[in-house]
Amino acid sequence: MDNRDPNLALMSVVTNFSNGEVCGALVVTASKTVGDLAGYWHDASALATLDPATPLYTTASWLPEGEGKEGALAWGNTRLQAGRVGREYFMTRGHFHRKREKGELVVCVSGEGALVLMSEERETRVELLRPGSTHHVPGHTAHRTANTGQVPLVFLCAWAADCGHDYDEVRERGFSRLLVEVDGAPQLVTPDEKRTSQKIS
Ligand SMILES: [Fe+2]
């Protein structure tokens with residue numbers, strides 16, 4: 001006889017804080033390859049030297065009330081591989097939220113990287129991601145992450161499930177500044193000049 005109290009529900013989703021994995025039957029996973037971001041990388045000739053099937057990042061998302069319901073929340077992780085296309089670090093696509101006022105929280109679990117933030121006025125800045133570092137992406141801000149280290153960058157995110165994702169501007173215009181490797185260190189440079197404009201570390 002099963003005498004468990006039905007009010008004590010078993011965990012349906014588990015977040016593993018040692019490796020950043022978010023697991024459970026309701027968790028939806030997705031993955032991107034380097035080739036999936038063709039058009040986003042700045043150096044097309046460097047991209048041509050890479051296998052487009054090279055794994056880039058995986059995501060795991062839990063939307064307990066589904067996507068689009070006002071007031072609902074979402075939770076998930078991203079595992080971004082280490083590497084570069086030319087000098088540009090492996091990165092996520094980046095997006096604005098369709099509901100521009102909606103923000104997001106990011107917590108780095110492991111690895112080294114950067115959270116690249118761009119305002120609607122196309123001002124770009126960077127916050128360094130290190131294990132335990134915790135970040136707020138304000139509304140009206142495009143955001144992507146880049147792996148500047150030698151091992152996968154793993155981070156957790158919490159966002160409004162109804163925020164929507166607007167990839168259009170980033171796909172068409174990119175970010176106003178690129179995060180690239182210069183003399184072994186990440187630097188933000190303007191896309192056209194590729195010159196050092198701000199040292200990151
Ligand atoms: Fe977002």
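No other residue among 191, 186 is surrounded by 13 or more Cβ atoms within 10 Å (Cβ to Cβ), away from the ligand (no atom under 16 Å from the Cβ) and part of a loop (DSSP other than H, G, I, E, B) apart from 191.
Kindly provide the set of residues from the stretch 148-176 that are part of a loop (DSSP other than H, G, I, E, B), within 16 Å of residue 92 (Cβ to Cβ) and away from the ligand (no atom under 11 Å from the Cβ), ordered by number.
So in the stretch 148-176, the residues part of a loop (DSSP other than H, G, I, E, B) come out as 148-152, 161-164, 167, 174-176.
Pick out the ones that are also within 16 Å of residue 92 (Cβ to Cβ) and you get 148-149, 152, 163, 167, 174-175.
Those that are part of a loop (DSSP other than H, G, I, E, B), within 16 Å of residue 92 (Cβ to Cβ) and away from the ligand (no atom under 11 Å from the Cβ): 148, 149, 152, 174, 175.
Going through (1) aliphatic (A, V, I, L, M); (2) under 15 Å from the mean Cα position of the chain (by Cα); (3) more than 14 Å from the ligand (Cβ to nearest atom); (4) within 18 Å of residue 33 (Cα to Cα) one by one, residue 109 falls short only on (4).
Quick check: anything in the stretch 27-38 out of contact with any Lys or Arg (no Cβ under 6 Å at 6 or more places or on another chain), over 28 Å from residue 189 (Cα atoms), more than 16 Å from the ligand (Cβ to nearest atom) and in a loop (DSSP other than H, G, I, E, B)? For the stretch 27-38, residues out of contact with any Lys or Arg (no Cβ under 6 Å at 6 or more places or on another chain), over 28 Å from residue 189 (Cα atoms), more than 16 Å from the ligand (Cβ to nearest atom) and in a loop (DSSP other than H, G, I, E, B): present. For the stretch 29-47, indicate whether the set of residues that are farther than 17 Å from residue 147 by Cα, in contact with a helix residue (DSSP H, G or I) (Cβ under 6 Å, 6 or more places away or on another chain) and of a type outside the set (A, V, I, L, M, F, W, C) is non-empty. No, that holds for no residue. Within the stretch 87-96, track down each residue that is in contact (Cβ under 8 Å) with a residue 60 or more places away in the chain and more than 10 Å from the ligand (Cβ to nearest atom). Across the stretch 87-96, the qualifying residues are 87, 88, 89, 91, 93. Counting only residues that are part of a loop (DSSP other than H, G, I, E, B), out of contact with any Pro (no Cβ under 9 Å at 6 or more places or on another chain) and not charged (D, E, K, R), how many does the stretch 39-80 have? Adding up the residues that qualify gives 13.
Using the structure shown, decide if residue 134 is surrounded by fewer than 14 Cβ atoms within 10 Å (Cβ to Cβ), among the hydroxyl-bearing types (Ser, Thr, Tyr), at pLDDT 95 or above and within 16 Å of the ligand (Cβ to nearest atom).
On the way: surrounded by fewer than 14 Cβ atoms within 10 Å (Cβ to Cβ): yes; among the hydroxyl-bearing types (Ser, Thr, Tyr): yes; at pLDDT 95 or above: yes; within 16 Å of the ligand (Cβ to nearest atom): yes.
The answer is yes for residue 134.
The values are calculated or read from the model by the stated rules, or taken from the named source; none is laboratory data. Predicted, not measured: the structure shown is a model, and the values here were computed from it. Reconstructed Cβ throughout: ideal geometry from the backbone, glycine too, with neighbour counts over all protein chains shown.
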